[in-house]
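Structure, as structure tokens:
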Amino acid sequence: MAGSAYPEPPATRSDVVIDSDWKFLKKDQSGAQASTFDDASWSAVTLPHCWNAMDGQDGGNNYYRGIGWYRRHYTLPADAAGKRVYLQVDGANVVSDVYVNGTSLGQHRGGFARFRFDATAAMKAGDNVIAVKVSNAGAGDVPPLEADFTFFGGLYRDVHVLITDPVHVDTLDYGSSGVYLDTTEVTAASAKLRARVRVQNDGAAAQAVTVTTTLVRVDGSVEATLTASGSVPAGKAQELAANATIANPHLWKGTEDPYVYTAYVRVQVGDKLTDWVKSPLGFRFFSVDPAQGFSLNGQYLDLHGVDRHQDRLNMGWAITDKEHDQDMALIREMGSTVIRLSHYEQAEHFHDLADHNGIVLWAEIPLVNSISSSAAFTANATQQLTELIRQNYNHPAIVFWGIGNEQRSDNTATNALLTTLNSLVHSEDPTRLSTYAACCTSDTGGLPAHSDVVAYNTYYGWYDAFGTSEQFGSWADMLHAAKPTWKIGVSEYGAGAGITQHADNPTRPDPYGSPHPEEWQNLVHESHWRQMKTRRFLWSKIIWNMFDFAVDSRNEGDTPGRNDKGLVTYDRVTKKDSFYWYKANWTTTPVVYITSRRFSSRSTATVPVKIYSNLESVTLEVNGTAVAAGTSADHIFSWASVALRTGANTIVATGKSGTNTVTDTVTWTRK
């Protein structure tokens, strides 16, 4: 059915973001859910909002963990009569109670997934009061119980009012789109597509419903149309499914060609269009081989990239699309092909960015460190995993579902939980792979044995429990030899770096103390990548972390409350030296970068100079005078001893490759 252009259907549902005009109180308040409650003394805030933006990042492990209240007036539009009204919260941490006009709509337990409540009965014509009580205090049945990051509180993503016809794509299926697009038997020649659509009928009588899924190419032409019909009982949701075979699908090929179709799903009762939604769709096939690593569409793809936390300096988790866009641009600039979304479900927009930038995603639930053996804890972990999968099911970027990170006890309860979660991945989504980030128990024990593939959090050259950076390769080889059928990757590695702390000949620092010289981080990353790039059996090579992030309990490096293992600073302003090491190795963009550039105050007559570059040759000048050639190997050009005069010195590096000429300049002052 190629050739015809597809016009977007006329609006049916209303989706209004209500981020303005909220009132906020950072404590519990009896009666605050009531519509008549006087909130005149409360603070005026705009969402996204985080109440720990400052105290959650400054160290001391004393940030506020408790209850905050949000209230807002909302006028229901006149055309909502006879329709269904839902409140949607895109993210609130950890436990949220939602009220309209004093009526409880429900409670959501979990800090990262989108959730919706039916507000139809509680809403009235005219003015309504929405109240949300959020608590970021510890909840014994909600993972994570503990983790090495700040548990920021607040309504830190958008809040929506969603209004639909009584017959609509289901909004209450774990906060999902209600649409599940299964791609199977994918090749360059053909692919099977199954469109499963949950239709909710909130009318008083059964309805004969037709669901049409139209697959649209990037140019607006129609690839295929799938139609399913059925009777949906009153007050029920029912799945309607249709199948098609797509000839010569345009494959999603990662960064090379991140081709994303759009699927428009229309719900009709007779001739009336009652609802429609759209979803991304990508056709791709992938595999992981124990010896040959990861393949996308039958071609080897080296999955090298970063872990990503979502918080920002002075913002906490209350970030917007602008910040997500900047994060993705930085990650792409460095040449990453994979991102692990650590350690929780992240914003829908960031998944969209990954789809369209061709970045493979590992998405995971916040099962971090310790667990509880209670049935309630298991139920909440499975709830969060179900939410994660259903809400992000159609993103082609996602290849891996993560079931946990660094559980510290290889005991019966933990293994039982991981067995449950791994089985849930396969029942919810048999098209993707389960994975797990292992650390701190036996590398060949029970915990890493559950998932389809496994990766390890390794810190050679940093934490005392690990050896030197140079020992990483032998560790990987021994593990691969011991478990030759396991599909082994690396989910974390790295070292801290304070950009104000430097040393010419650094030694391994105290990871929990100070200083954390930037030069040591460089050595750790140089050593690891040299060893990793020759070991194809490592299906993933993922750096901890792309960005510095808040851990209010830490006091190390040059900033309290900070994990400084990022390749970019918390404010995203400064790219550390190691960022350019990877850019020189992972991209063809011409790179010439003088390291230790922030080591600007020098006390010695001579200094070493090291330059990262992917060009054929690099020359060096100091104060306008050429310096004899240094050594070059593996994207590093180095000079062991370069003389500095007293006062300011201008160092200029010039790289050449064919017609490309790139320069970099720094100024170092010798006292």
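Observations
- Hits in segment 638-656 (condition: open to solvent by 20 Å² or more (accessible area, probe 1.4 Å), closer than 18 Å to ALA584 by Cβ and small (Gly, Ala, Ser)): SER638
- Tally, over segment 133-158, of residues that are surrounded by fewer than 24 Cβ atoms within 10 Å (Cβ to Cβ) and either free of Cβ contacts under 8 Å to residues at least 12 places away in the same chain or of a type in the set (A, V, I, L, M) (or both): 5
- Those residues of segment 216-244 which are over 17 Å from SER279 (Cβ atoms) and either assigned to a strand (DSSP E or B) or within 31 Å of the chain's Cα centre (by Cα) (or both), in sequence order: ASP219, SER221, SER229, GLY230, SER231, VAL232, LYS236, ALA237, GLN238
- Residue in segment 441-454 that is farthest from TRP486 (Cα to Cα), counting only those that are surrounded by 16 or more Cβ atoms within 10 Å (Cβ to Cβ) and polar (S, T, N, Q): THR441
Per-residue answers, yes or no, for (1) small (Gly, Ala, Ser); (2) within 25 Å of LEU388 (Cβ to Cβ):
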{"residue": "GLN292", "(1), (2)": "no, no"}
{"residue": "SER295", "(1), (2)": "yes, yes"}
{"residue": "GLY305", "(1), (2)": "yes, yes"}
{"residue": "HIS309", "(1), (2)": "no, yes"}
{"residue": "ASP327", "(1), (2)": "no, yes"}
{"residue": "THR337", "(1), (2)": "no, yes"}
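- Residues of segment 123-141 classified as under 27 Å from ASN555 (Cα atoms) and not hydroxyl-bearing (Ser, Thr, Tyr), total: 5
- Contact map, segment 537-560: first residue within 17 Å of ASN62 (Cβ to Cβ) and open to solvent by less than 10 Å² (accessible area, probe 1.4 Å), second residue of a type in the set (S, T, N, Q) and assigned to a strand (DSSP E or B), Cβ cut-off under 6 Å, separation 6 or more or different chains; pairs are VAL551/ASN563.
- Residues of segment 95-119 that are closer than 18 Å to GLY178 by Cβ, touching an Asp or Glu at 6+ places or on another chain (Cβ under 6 Å) and among the hydrophobic types (A, V, I, L, M, F, W, C): ALA113 alone.
- Unmet requirement for ILE543, which otherwise passes all of (1) under 28 Å from VAL662 (Cβ atoms); (2) touching a His at 6+ places or on another chain (Cβ under 6 Å): (2)
- Of all residues making up segment 16-30, the number that are free of Cβ contacts under 8 Å to residues at least 60 places away in the same chain and either of a type in the set (Ser, Thr, Tyr) or open to solvent by less than 30 Å² (accessible area, probe 1.4 Å) (or both): 3
- ARG84 vs. criteria within 24 Å of the chain's Cα centre (by Cα) and open to solvent by 30 Å² or more (accessible area, probe 1.4 Å): no
- Residue list for segment 278-302, restricted to those being open to solvent by 20 Å² or more (accessible area, probe 1.4 Å) and either in a strand (DSSP E or B) or among the aromatic types (Phe, Trp, Tyr) (or both): LYS278, PRO280, PHE285, PHE286, SER287, ASP289, SER295, GLN299, TYR300
- Candidates in segment 594-632 are the residues that are open to solvent by less than 10 Å² (accessible area, probe 1.4 Å) and in contact (Cβ under 8 Å) with a residue 40 or more places away in the chain; of these, the one that is nearest to THR661 (Cα to Cα) is SER613.
- If you go through segment 342-354 and keep only what is within 20 Å of VAL89 (Cα to Cα) and in contact with a strand residue (DSSP E or B) (Cβ under 6 Å, 6 or more places away or on another chain), you end up with just HIS343.
- The one condition from (1) within 20 Å of ASP275 (Cβ to Cβ); (2) loosely packed, with under 13 Cβ neighbours inside 10 Å; (3) free of Cβ contacts under 8 Å to residues at least 24 places away in the same chain that GLU185 does not meet is (1).
- Some residue of segment 227-235 being in contact (Cβ under 8 Å) with a residue 60 or more places away in the chain, of a type outside the set (Lys, Arg), open to solvent by 10 Å² or more (accessible area, probe 1.4 Å) and within 23 Å of VAL269 (Cβ to Cβ): no
- Within the set SER96, SER104, the sole residue that is part of a strand (DSSP E or B), of a type in the set (Gly, Ala, Ser), open to solvent by less than 40 Å² (accessible area, probe 1.4 Å) and at pLDDT 95 or above turns out to be SER96.
- All conditions in (1) in contact with a strand residue (DSSP E or B) (Cβ under 7 Å, 6 or more places away or on another chain); (2) open to solvent by less than 40 Å² (accessible area, probe 1.4 Å) hold for ARG196, with the sole exception of (2).
- Look at segment 62-84: where a residue is under 30 Å from LEU145 (Cα atoms) and a partner is of a type in the set (A, V, I, L, M) and surrounded by 14 or more Cβ atoms within 10 Å (Cβ to Cβ), sitting 6+ places away or on another chain with Cβ atoms under 6 Å, you get GLY68/VAL134; TRP69/LEU25; TRP69/ALA32; TYR70/VAL132; TYR70/LEU155; ARG71/ALA131.
- Yes/no for ALA53 being in contact (Cβ under 8 Å) with a residue 12 or more places away in the chain and within 17 Å of GLY102 (Cβ to Cβ): no
- Residue count, segment 426-440 (criterion: without any contact (Cβ under 8 Å) to a residue 60 or more places away in the chain and either open to solvent by less than 40 Å² (accessible area, probe 1.4 Å) or of a type in the set (Asp, Glu) (or both)): 7
- Only one of the listed residues (TRP401, TRP462) is assigned to a strand (DSSP E or B) and crowded, with 21+ Cβ neighbours inside 10 Å. That residue is TRP401.
- Filter result for TYR259 (closer than 30 Å to THR12 by Cα, in a strand (DSSP E or B), aromatic (Phe, Trp, Tyr) and touching a residue at least 12 places away in the same chain (Cβ under 8 Å)): no
- Here GLN326 clears all of (1) surrounded by fewer than 21 Cβ atoms within 10 Å (Cβ to Cβ); (2) in a strand (DSSP E or B); (3) touching a residue at least 40 places away in the same chain (Cβ under 8 Å); (4) not aliphatic (A, V, I, L, M) except the condition numbered (2).
- Cross-chain or 6+ apart pairs with Cβ under 8 Å, segment 485-497 first and of a type in the set (Lys, Arg), then outside any loop (DSSP other than H, G, I, E, B): LYS487/VAL288; LYS487/ASP289; LYS487/VAL454
- For segment 347-372, residues that are part of a helix (DSSP H, G or I), more than 25 Å from VAL454 (Cβ to Cβ) and touching a helix residue (DSSP H, G or I) at 6+ places or on another chain (Cβ under 8 Å) total 4.
- From the options VAL85, VAL132, residue that is of a type outside the set (Ser, Thr, Tyr), closer than 13 Å to GLY154 by Cα and part of a strand (DSSP E or B): VAL132
The values are calculated or read from the model by the stated rules, or taken from the named source; none is laboratory data. Only a predicted model underlies this, so the values are computations on that prediction, with no experimental measurement involved. Cβ sites come from the backbone with ideal geometry, for glycine too, and all protein chains shown count toward neighbours. Protein only, heavy atoms only, side chains kept; ligands, DNA and RNA dropped before computing areas. Shrake-Rupley method; radii C 1.70, N 1.55, O 1.52, S 1.80 Å.
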